[in-house]
Amino acid sequence: MQIDHKQTLANRLAARFSRRRLMQGLGAGAAAAVLPTAASANGGHIKLAWIDFVDTLDPHFTGYLGAIKIHNNIYNGLLKITYDGEKVAFVPDLAESWKLLDDKTHVFKLHSGVKFHDGEPCDAEAVKWSVERVWKGTPKSPHAWKYEYLESVEVVDPLTVKLTFNKPYAFLPVALTGSTGRAGTIVPRKAVEKYGKDFGRNPVGTGPFKFVSWRENDSIVLERNPDYFEKGLPKLERATFLIMKEASSAVAAMLAGRVDGMSNSPLQFINQLKANPNLKVYGEIEGNYSLIAMNCRRPPFDDVNLRRAVGFAIDRETLIKQAFFGAGIPAYTPISPPMTGFFDKNIAKSGRGQFLDLDKAKAFRAKAKEQGPVEVAFLTSEQGQYGTRVAQTIVPMLDKIGIKAKLELVERATWVSRRNAGEFDMLDMTWSADLDPDETIFPEWHSGKAWNFSGWANPEFDKLVEQAQVILDVKARRDLYVKAEDILMDEAPMAILTHMPEFKILSTKVKGFKYIPADSLDLHTVSL
């Protein structure tokens, strides 16, 4: 019997998402996946208050949701994410068709006539070069792990490219999307070579909008791509992302109608925004987790018992009330509720993971190498949703186990630089926009991977998450992830905190917005 390999992948991905999960937490009037499209002519200039951090507009090198939300308006991937109100699917985008010759060989037939914004053709050679830039380019992309099992990229003909892997790869459809996946976002060789390291400030894609300008700490401006390959799109003439460091100023502008939308909002303002009849708030518990990362490379957190003590000393319920204004749920392990088939809805009663148990925390503290008061620097910065409140709330909890944490508040760019360089004792952060357990724990905690900022290493954990990448059966993968998570949470390179809603706020004047869970803010169908 012939096996439909693509359907096998599709079924596995669809099994993770349920309507109840995806619709949970939407603001009043926001439950429809697609808002009615305006009957008026195309045009308009949308202005969005942007409080999320944007590091680069080079999709192959970003790790921030604030940048990803913009990327999807500049670039396309081989695949894209769609949502029909019932399920998420991964379908061709730059590809006109996608065929699996077997469970390791993917063939993409591209749309003809597609051009990058600089006029260069987006053909099979362009796709091959772009994929290889992520796979084995210099400097190394932080998304290179998504092509770890890639064996070859071949140009079959000018519009056909074949990707051959040495093992079946369960995560591939997510990796090949042009927004969340990033590894499958296609960029032009000529522009990358022209701008070099400055390509992220001069992005060129095939997407519905062309880059105009990026004024530091002021705005990012895009304009309509008149040659976009999807007929009749985009509808808007221009999009301006107003970079606002003060979230309260962004909220004030939103409430006053001076902007048409917000990338996110501090949690204390969400109820006020939801109550405004001129706004629609989209938000739900998505694929994410907040955490306290501890540096395992140096004292004092090279001591596993001290790290374990931190993990059991934190009161997540109090943290949610005080720092998250009631938005979110306690996290016990990284795998989050939208990952149906992997998330254990009874995990709170299972005894797995981390949770408040002060007696257990004190017992681990008694085993630590340093028995006197331990002084640590807690690196933090103002962040979009919760600012410094997480750090401020956790400091007195640590004091109960003899850890004297001193807050070190720095600018966001400095925080990023020091995190990436491993120059910290402990810090608070969030991993967002995860659609699969693989991206939730593999690059963050596998030894030597790009986002393992804590410097933790465990060979058995590495083996388990590697095995889970090449198995398509959901139950078999889940069993491997349970074992991997148990090792991760026991050795505690982090104290896991919460799973949170991700919010998007738009004026009711904005028509045609398609809500997609765990995806970017896609403007190509929007009109005013």
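The values are calculated or read from the model by the stated rules, or taken from the named source; none is laboratory data. In this text the structure is predicted, and so the values were computed from the model without any measurement. Don't worry about glycine lacking a Cβ; one is built from the backbone with ideal geometry, like all the others, and counts go over all protein chains shown. Note: areas computed on protein heavy atoms with side chains; ligands, DNA, RNA excluded. Shrake-Rupley method; radii C 1.70, N 1.55, O 1.52, S 1.80 Å.
Considering the chain at the alpha-carbon level, its Rg and Dmax are found to be 22.6, 71 Å. In terms of Cα atoms, the Rg and Dmax of the range 103-256 work out to 17.8, 55 Å. Where both bridge residues fall in the chain, DSSP classifies roughly 75% of the beta bridges as antiparallel.
Using the structure shown, select from Lys210/Lys235; Lys210/Lys274; Lys136/Lys475; Lys235/Lys504; Lys128/Lys463; Lys449/Lys514 the pairs with a Cα to Cα distance greater than 23 angstrom. Walk me through the numbers before you get to the answer.
Numbers: Lys210/Lys235 13 Å; Lys210/Lys274 32 Å; Lys136/Lys475 32 Å; Lys235/Lys504 20 Å; Lys128/Lys463 30 Å; Lys449/Lys514 34 Å.
Where the Cα-Cα span goes over 23 Å, the pairs concerned are Lys210/Lys274; Lys136/Lys475; Lys128/Lys463; Lys449/Lys514.
Taking amide H positions as modeled 1.01 Å from N, with prolines and chain starts lacking one, the residues under 5 Å from Tyr289 and 5 or more places away or on another chain are Trp431.
Apply the a/c threshold of 1.5 to the C-alpha gyration tensor of the range 177-237 and tell me whether it is rounded, prolate or oblate. Oblate, since a/c reaches 1.5 and b/c is not below a/b. Close amide H partners of Glu408, meaning residues 5 or more places away or on another chain with modelled amide H under 5 Å apart, are Phe378, Leu379, Thr380.
Accessible surface of the range 174-316, 1.4 Å probe: 44 percent of it comes from carbon and sulfur atoms. For the range 196-265, the relative contact order is 22 percent, taking Cα pairs closer than 8 Å that sit 6 or more residues apart in sequence and dividing their mean separation by the residue count.
Per-residue Karplus couplings for the range 133-148, computed as 6.51 cos²θ - 1.76 cosθ + 1.60 with θ equal to phi - 60°, are listed in order as 4, 6, 5, 8, x, 10, x, 6, 6, x, 9, 4, 4, 6, 10, 4 Hz, Gly and Pro entered as x. Accessible surface ranking for Asp344, Asp303, Asp359, 1.4 angstrom probe, highest first: Asp359, Asp344, Asp303. Farthest toward the positive end of the dipole of the chain, out of Tyr515, Phe53, Phe364, is the Cα of Tyr515, where the dipole comes from beta carbon charges about the Cα centre.
Express the relative contact order of the chain as a whole percentage, based on alpha carbon pairs under 8 Å and six or more residues apart in sequence. Walk me through the numbers before you get to the answer.
Values: 1190 pairs, mean separation 116.9, N = 528.
This gives 22 percent for the chain.
To the nearest 20 debye, what charge dipole does the chain have about its Cα centre, counting +1 at the Cβ of each Lys and Arg and -1 at the Cβ of each Asp and Glu?
Details: 68 positive and 64 negative charges, 164 e Å.
So the magnitude is around 780 debye.
Put a dot 7 Å past the Cα of Lys349, heading toward its Cβ, do the same for Gln467, and the two dots end up 2.9 nm apart. If R0 is 41 Å, what FRET efficiency do you get for Lys167 and Lys369 from their C-beta distance, rounded to 0.05? The value I calculate is 0.50.
For the range 187-307, what class follows from the C-alpha gyration tensor (a ≥ b ≥ c being the square roots of its eigenvalues): rounded when a/c is under 1.5, otherwise prolate if a/b is larger than b/c, else oblate? It is oblate, given that a/c is not under 1.5 and a/b is not larger than b/c.
Net charge around Ala495, counting only other residues with Cβ within less than 10 Å of its Cβ (Lys, Arg = +1; Asp, Glu = -1)?
Numbers: positive: Arg307, Arg308, Arg316; negative: Asp428.
Cβ neighbours under 10 Å give a net charge of +2.
Here the contact order of the range 163-229, divided by its residue count and restricted to Cα pairs under 8 Å and six or more residues apart, works out to 17 percent. Computed over the range 271-362, the quotient of the alpha carbon radius of gyration and 2.2 N^0.38 Å is 1.35. When restricted to Cα atoms, the range 256-309 yields an Rg and a Dmax of 19.4, 53 Å, respectively. Helix content alone sets the calculated 222 nm mean residue ellipticity of the chain: runs of n ≥ 4 DSSP H residues at -39500 (n - 2.57) each, divided across all residues, give -8500 deg cm²/dmol. Relative to the current alpha-carbon distance between Arg189 and Lys404, full extension at 0.36 nm per residue lengthens the span by 72.3 nm. If you wrap the Cα atoms of the range 91-151 in a convex hull and average its projected area over all directions, you get 5.2 nm². Counting protein heavy atoms only, the range 323-415 has 53 percent of its accessible area on carbon and sulfur, 1.4 angstrom probe.
What's the longest piece of the chain with no exposed GluC sites (Glu not before Pro), counting a site as exposed if DSSP puts it in a loop and it has at most 11 other beta carbons within 10 Å? Mind showing how you got there, number by number?
On the way: sites that count: Glu216, Glu246, Glu411.
Answer from the scan: 1-215.
Taken about its Cα centre, the range 278-358 carries a charge dipole of roughly 60 debye when the Cβ of each Lys and Arg holds +1 and the Cβ of each Asp and Glu holds -1.
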